[in-house]
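The values are calculated or read from the model by the stated rules, or taken from the named source; none is laboratory data. What you are looking at is a predicted structure, and each value in this text was computed from that prediction instead of being measured. Cβ atoms come from the backbone with ideal geometry, glycine included; neighbour counts cover every protein chain shown. Each accessible area value is taken on the protein alone, full model and side chains, heavy atoms only, with ligands, DNA and RNA left out. Shrake-Rupley method; radii C 1.70, N 1.55, O 1.52, S 1.80 Å.
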Amino acid sequence: MRRFLFFLLAFIPFFFSCSETNNNGGTEEFENCRPQSMILSDSLVKDTLSSQAMAISPDSVRLVVELFDAKGAPLKTPIPVTWEEDSNSETLMSDGNGMITRMVKRDHYVSLMYGEEPIMSYFDMKGGEVVNDHIQLNILPMKGRIMDNSGVPHQKMPIHIHYRFNRKDRSLACEKDQTFYTDSLGYYRTYVAAEFHSISLHTCGFPLGVISKKEFVEYPKQNFLFEPFEVENRCAYNVPRHDFFLEVPLSDGSTHEVRMRDWSKFFSLDETLENDETVKLKVIFDRRSYTYKLKKKNGLFRIPIIRVCIK
């Protein structure tokens, strides 16, 4: 009996301590060249823990925005978000958990945008607090790798995403197309709008590939080979050694010649080639050369099969 009373007296303080801790806790038409309805839902949650509020001055607010994709998963791949605060604007990248955190003045007007789509606006905030906002975007992850025909990865390659929202749309490119880049091993990770009929990918004014919505759902990871020109020898089985060169017209009226295998130099002309309507392609063999004039159709250069007769 004494042992039982001793055990009970020892246990009672621990019981009240646990109870006190639990009670105190708490916490159709394709016109605008961009996807529509990027926001699925949002919910505003204010974190008012006293320990956090005391660390913030009364005239400031700690704004924490957590971004999720259309399936409710946090954005593991950073995305650019335009942060507009009063008259100032800057581009911020979300972190590896899809979060953006900033200290702002409570009387400031803050607006967030992804591309040209507004995400959320904040005003008349209460100072000294943390505003934690959970926002679900209508976007899905896309990843893959791009190499040339020899299996060499395309590094720092600019890739443009063009959305087509119905099967009658045959456009391939637009000025406002979303852009991302491959890494040093040719891999890419990005997000695309959840609603589309097909996606056209292009780089430097040349087509890379088209992905239908059905294919994207079944195979969200895409692998591409990019070497835009092909030579066919009609007079022999072998294709003689050759090089491709592009003559690119520049804005000052001059031209710039770039060897197609010099991929880094070619990719550096992405903006120029996206805007130019015509370029010249030169195919140089050991003893002869050919020149072709390439024109754009539906926003991209048409890629011919170079047919030659060399015995």
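Observations, loosely collected:
- Restricting attention to the stretch 27-50 and to residues that are touching a strand residue (DSSP E or B) at 6+ places or on another chain (Cβ under 6 Å) and small (Gly, Ala, Ser), the residue that is modelled with the lowest pLDDT turns out to be 43.
- Qualifying residue in the stretch 94-108 (condition: open to solvent by less than 50 Å² (accessible area, probe 1.4 Å) and touching a Phe, Trp or Tyr at 6+ places or on another chain (Cβ under 6 Å)): no
- Unmet criterion (only one of (1) modelled with pLDDT of 90 or more; (2) under 21 Å from residue 200 (Cβ atoms); (3) open to solvent by less than 60 Å² (accessible area, probe 1.4 Å)) for residue 304: (1)
- Selection status of residue 67, within 26 Å of residue 198 (Cβ to Cβ), surrounded by 17 or more Cβ atoms within 10 Å (Cβ to Cβ) and touching a helix residue (DSSP H, G or I) at 6+ places or on another chain (Cβ under 9 Å): no
- Just one of the numbered conditions (1) more than 14 Å from the chain's Cα centre (by Cα); (2) open to solvent by 20 Å² or more (accessible area, probe 1.4 Å) is not true of residue 82: (1).
- Residue 244 in a strand (DSSP E or B), more than 30 Å from residue 169 (Cα to Cα) and among the aromatic types (Phe, Trp, Tyr): yes
- Here residue 173 fulfils each of the conditions (1) in a loop (DSSP other than H, G, I, E, B); (2) under 30 Å from residue 247 (Cβ atoms); (3) among the aliphatic types (A, V, I, L, M); (4) at pLDDT 90 or above apart from (4).
- Close pairs from the stretch 118-143: first among the polar types (S, T, N, Q), partner modelled with pLDDT of 90 or more and assigned to a loop (DSSP other than H, G, I, E, B), Cβ under 6 Å, at least 6 apart: 138/70; 138/194
- The set of residues in the stretch 181-195 being over 13 Å from residue 164 (Cβ atoms), open to solvent by 20 Å² or more (accessible area, probe 1.4 Å) and either touching a Phe, Trp or Tyr at 6+ places or on another chain (Cβ under 9 Å) or of a type in the set (Gly, Ala, Ser) (or both) consists of 181, 184, 189.
- Across the stretch 51-64, the qualifying residues are those that are among the β-branched types (Val, Ile, Thr) and either crowded, with 18+ Cβ neighbours inside 10 Å or modelled with pLDDT of 90 or more (or both), and the one among them that is farthest from residue 95 (Cα to Cα) is 61.
- Some residue of the stretch 140-150 being in a strand (DSSP E or B), open to solvent by 50 Å² or more (accessible area, probe 1.4 Å) and within 17 Å of residue 78 (Cβ to Cβ): yes
- Scanning the stretch 267-276 for residues that are in a helix (DSSP H, G or I) and either open to solvent by 80 Å² or more (accessible area, probe 1.4 Å) or at positive phi (or both) yields 271, 275.
- Test result for residue 122, more than 30 Å from residue 228 (Cα to Cα) and touching a Phe, Trp or Tyr at 6+ places or on another chain (Cβ under 8 Å): yes
- If you filter the stretch 277-288 down to residues that are touching a strand residue (DSSP E or B) at 6+ places or on another chain (Cβ under 6 Å) and over 10 Å from residue 244 (Cα atoms), you find that the one that is surrounded by the fewest Cβ atoms within 10 Å (Cβ to Cβ) is 277.
- Near pairs, Cβ below 6 angstrom, 6+ apart or cross-chain, from the stretch 246-266 (open to solvent by 80 Å² or more (accessible area, probe 1.4 Å)) to any residue that is of a type in the set (D, E, K, R): 255/247; 257/247
- In the stretch 196-237, the residue that is surrounded by the most Cβ atoms within 10 Å (Cβ to Cβ) out of those that are part of a loop (DSSP other than H, G, I, E, B) and of a type in the set (D, E, K, R) is 227.
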